[in-house]
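Everything on this sheet refers to the single structure shown next.
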Amino acid sequence: MSAARFDPAGPLRGTLRPPPDKSVSHRAALIAAMGEGETTIEGYLDSADTRSTLRAVEAVGATVSGAEGDRVAPSIRIEGVGLRGASDAAVDVGNAGTLLRLLPGWLAGQETGRWTLDGDASIRRRPVDRIAAPLRSMGAQLRCREDRLPPLEVEGAPLQGVSYELPVASAQVKSCLLFAGLLAEGETRVVEPLPSRDHTERMLAAAGAEVERSNGAVAVRTAQRLEPGEIAVPADFSSAAFFLVAALLIPGSDVSLSGVGLNPTRTGLLPILARMGGEVEVEPEGERGGEPAGRLRVRAAELRGTEVGGAEVPLAIDELPLVALAACFAVGETTIRDAAELRRKESDRIAVVAEVLNGLGGRVEPTADGMRIEGGGLRGGAVASHGDHRVAMLAAIAGLASSQGAEVEGMEAAAVSYPGFEADLAALLRA
């Protein structure tokens, strides 16, 4: 593992377009592989996780053009195998949790075939029981280690549509079941306790699937074919969020971020920051691939503590660690609750974020489903990313905003979602 140093910095200034959206990129490749004919994906993210998804769709029989080795072109083409044409394969998902949880839904409904999904050491600690249980209720044939951990073995079988109530809002579980529902007999209905990101529903509807959304539920019916044609990927709000928070915390900063996806099921961070005193200007720029996009402008601000919980948690789940970082510099106390889902990410993000921020001089108390953070700033120090890309980038921003800086071990983890993070951060510091 490599270590990188992030010392207290002057203001961030300038305009930047963040990398393409990781969540949309994963789904675009999978839906293109399920499709008939060739699909063009404009703006596919080139990262370790999304390259794993391209290799996965190739393993099951799709043809990918525009991705050579460890480099993915801005525009790629995928020749799909159709909804029912996936070939037997051993699939290496790498560190891609989204791939691990979405792909089995499609594979489980194949008429025949066997697949094994496995990945790195981190993936082997990420539970799959939340997709295995509802898929089995549809008739899926699945086996996993200790009945909850990868490797996950899938055998194609006839599926029956069900109505399933998610115990916890999860876009990944919902998407898995919707993929399975395309191959199941009858209607598959997923009821959410709270709204979660809806990229899958948008993309399936655009590709010709029968998708119905009403009263906190989304339903699909058996489909014969998908025809995505062309999919455009906006810039990733979750990647943009690191610069939003950095600009709020570092005095004198003034940053604009262009082309950012503004799907309302992804932008829950914005009202939280506004409540803390960090206003972000939003300038709509139309739609990209059925997803609203726009420009965000943010300036440094004095922040105050707040409470975060309930319905806003699924809309900001990946950004809650950044809320904890912002809270370290806010006046008063901040409480994050109802976020136990954070313990199921690439790392236990409740425990790890608390460890990192406390290691830099913060006052963070982890709880069963969140954190309590007392403001007052960060001193700095040496911390580890624990192999988690979002923790690595959070620690880097924390170092810039701290009084003494941070040394981050395992900074290379950022490449999972944002290979150019350090270069883009440096560009804003030079502007």
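The values are calculated or read from the model by the stated rules, or taken from the named source; none is laboratory data. Keep in mind it's a predicted model, so treat the numbers as computed, not measured. Heads up, the Cβs are rebuilt from the backbone with ideal geometry, glycines too, and the neighbour counts pull from every protein chain shown.
Here residue 428 clears all of (1) under 23 Å from the mean Cα position of the chain (by Cα); (2) crowded, with 19+ Cβ neighbours inside 10 Å except the condition numbered (1). All conditions but one from (1) modelled with pLDDT of 95 or more; (2) within 22 Å of the chain's Cα centre (by Cα) apply to residue 72; the one that does not is (1).
Hey, does the stretch 60-77 have a residue that's assigned to a helix (DSSP H, G or I) and assigned by TED's automatic domain parsing to the domain that holds residue 115?
Filtering the stretch 60-77 for residues assigned to a helix (DSSP H, G or I) gives none.
No, there is no match, as no residue in the stretch 60-77 is assigned to a helix (DSSP H, G or I) and assigned by TED's automatic domain parsing to the domain that holds residue 115.
Within the stretch 288-309, the residues that satisfy the criterion of being modelled with pLDDT of 95 or more and either touching a Lys or Arg at 6+ places or on another chain (Cβ under 9 Å) or of a type in the set (Asp, Glu) (or both) are 302, 304, 306, 307, 308, 309.
Looking at the stretch 193-205, which of the residues that are touching a strand residue (DSSP E or B) at 6+ places or on another chain (Cβ under 8 Å) and surrounded by 18 or more Cβ atoms within 10 Å (Cβ to Cβ) is nearest to residue 167 (Cα to Cα)? Within the stretch 193-205, the match that is nearest to residue 167 (Cα to Cα) is 198. Taken over the stretch 348-385, the criterion of being of a type in the set (Gly, Ala, Ser) and closer than 16 Å to residue 319 by Cβ is satisfied by 370 alone.
Listed here are the residues, each with its yes/no results for (1) assigned by TED's automatic domain parsing to the domain that holds residue 50; (2) at pLDDT 95 or above; (3) among the aromatic types (Phe, Trp, Tyr).
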| residue | (1), (2), (3) |
| --- | --- |
| 95 | yes, no, no |
| 106 | yes, yes, yes |
| 127 | yes, no, no |
| 142 | yes, yes, no |
| 150 | yes, yes, no |
| 153 | yes, yes, no |
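Does residue 201 count as free of Cβ contacts under 8 Å to residues at least 24 places away in the same chain, part of a helix (DSSP H, G or I) and within 30 Å of residue 85 (Cα to Cα)? Against the criterion (free of Cβ contacts under 8 Å to residues at least 24 places away in the same chain, part of a helix (DSSP H, G or I) and within 30 Å of residue 85 (Cα to Cα)), residue 201 qualifies.
For the structure I just gave you, tell me whether residue 39 is in a strand (DSSP E or B) and closer than 22 Å to residue 223 by Cα. Spell out the reasoning first.
Values: in a strand (DSSP E or B): yes; closer than 22 Å to residue 223 by Cα: yes.
Yes; evaluated as a whole, the condition is true for this residue.
Does residue 53 satisfy the condition of being outside the structural domain of residue 381 (by TED's automatic domain parsing), under 30 Å from residue 130 (Cβ atoms) and modelled with pLDDT of 95 or more? Judged against the criteria, residue 53 is a match. Contact annotation: residue pairs with Cβ atoms under 6 Å, 6 or more positions apart or on different chains, pairing a residue in the stretch 300-311 that is more than 21 Å from residue 243 (Cα to Cα) with a partner that is modelled with pLDDT of 95 or more, are 307/335; 309/337; 309/338; 310/338.
The number of residues in the stretch 216-264 being surrounded by fewer than 17 Cβ atoms within 10 Å (Cβ to Cβ) and of a type in the set (S, T, N, Q) comes to 1.
Against the test of being modelled with pLDDT of 95 or more, assigned by TED's automatic domain parsing to the domain that holds residue 308 and in a strand (DSSP E or B), the options 245, 260 yield a single qualifying residue, 260.
When the residues of the stretch 20-36 are narrowed to those that are in a loop (DSSP other than H, G, I, E, B) and buried (at least 24 other Cβ atoms within 10 Å of the Cβ), which ends up modelled with the highest pLDDT? Going through the qualifying residues, I end up with 35.
Taking (1) basic (Lys, Arg); (2) surrounded by 17 or more Cβ atoms within 10 Å (Cβ to Cβ); (3) more than 27 Å from residue 14 (Cβ to Cβ) in turn, residue 297 satisfies each apart from (3).
Hey, could you check the stretch 82-127 for residues that are under 26 Å from residue 346 (Cβ atoms) and of a type in the set (D, E, K, R) and say which is surrounded by the most Cβ atoms within 10 Å (Cβ to Cβ)?
First pass over the stretch 82-127, keeping only residues under 26 Å from residue 346 (Cβ atoms): 89-108, 115-127.
Okay, now just the ones that are also of a type in the set (D, E, K, R), so 92, 101, 118, 120, 124-126.
Values: 92: 17, 101: 24, 118: 17, 120: 16, 124: 12, 125: 13, 126: 19.
Selected residue: 101.
Can you pull out the residues in the stretch 204-219 that are of a type in the set (S, T, N, Q) and assigned to a loop (DSSP other than H, G, I, E, B)? Can you show your working first?
Taking the stretch 204-219 first, the residues of a type in the set (S, T, N, Q) are 214-215.
215, the sole residue that qualifies.
May I ask you to verify whether residue 387 is assigned to a loop (DSSP other than H, G, I, E, B), out of contact with any Ser or Thr (no Cβ under 7 Å at 6 or more places or on another chain) and assigned by TED's automatic domain parsing to the domain that holds residue 337? It is false that residue 387 is assigned to a loop (DSSP other than H, G, I, E, B), out of contact with any Ser or Thr (no Cβ under 7 Å at 6 or more places or on another chain) and assigned by TED's automatic domain parsing to the domain that holds residue 337.
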